[in-house]
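Read the structure below first, then the notes.
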């Protein structure tokens, strides 16, 4: 893996930036997905939402590529002293912050406060999930010492998720194998292992072609499945939007490999930008929903063709969240909440 002078892996930083843009784009496009099925704007939202479902999986794959490296010392003691507290602090602080903002909005509008305002904001689910995966790192580090065992684990993971996605749980004879919730941590552990496995391998040109073909097919399946299911239901359907669908796995793998292979060609041109934003990406993820709330209720979305406005909004939220994070990091008492 190519490394920067700072010891960082350049392509992982690029993937992290792409994934951050992807999460913002996902939430921007999703705001128009659940109503007005069949209209032009709905198609824009549905297709855009489908095409960026790799965003969260890429984040998990990056973590796997970093935390499962044999040279990195990771024990339960280190996890509980360094990494888990960081996530707990961010989760608690930002859950309370979003609840306070939403409650203030209700008060200003003269609306009655409700219990749901105290629930963690929708995008913060990622943090407790990641905590659960982190607690499995010592076990996963033993698995990755044997490449055959890693391959077997990935095959079982893919087979399980494919079985669940294809509704094999509806067949009584084998349904018991798929009773657990596919949102369970085990689903994201697979992405964690996949990120490590791909980061350690030099993918051949022939393998790359097949990976890209599968990624393209995954995108087609996601878009087509979304459109068909939504028409059948009469409203935006989320079945093909799940992060653990096999088509999303194919897209995530293809994009990870593509960025890994192409980063050396553009690394020097990106160096300044990478240095400027890399410390703020976690904060951008945490704060972008604040700006999403502001822009969602504004008329900007419908100023012109949404093929123009939605990507523009995505970029605007990224920039606003970037400087919001930099401002928070400048406040000593709040710095740790975005790092």
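Quick note: the coordinates plus some simple rules give every number you see, no bench work behind them. Only a predicted model underlies this, so the values are computations on that prediction, with no experimental measurement involved. Every residue, glycine as well, gets a Cβ built from its backbone with ideal geometry; the counts of neighbours run over all protein chains shown.
The table below lists the values:
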quantity	calculated
Highest-fluctuation residue, 70, 128, 311 considered, GNM on the chain with Cα pairs under 10 Å	70
For peptides 132-143, 281-292, sequence by mean Cβ density within 10 Å, most packed first	281-292, 132-143
For the chain, built as a Gaussian network whose Cα springs stay under 10 Å, the top-fluctuating residue of 83, 212, 106	106
Cα pair distances in the stretch 184-235, grouped into 5 Å bins until the bin that holds the longest one, percent each	4, 16, 12, 17, 18, 16, 9, 5, 3, 0
Relative contact order (percent, whole number), the chain, Cα cutoff 8 Å, 6+ residue spacing	28
Length-normalised contact order of the stretch 216-311 in % [C-alpha pairs under 8 Å, at least 6 apart]	18
Cα-projected label distance for residue 333 with residue 75, points at 7 Å along beta-carbon direction, nm	3.6
Order by protection proxy (mean Cβ within 10 Å, highest first), peptides 213-219, 253-259	253-259, 213-219
Protection proxy ranking, peptides 223-230, 73-80, average beta carbon neighbours within 10 Å, highest first	223-230, 73-80
Prolate/oblate/rounded call for the stretch 10-338, Cα gyration tensor, a/c under 1.5 rounded	rounded
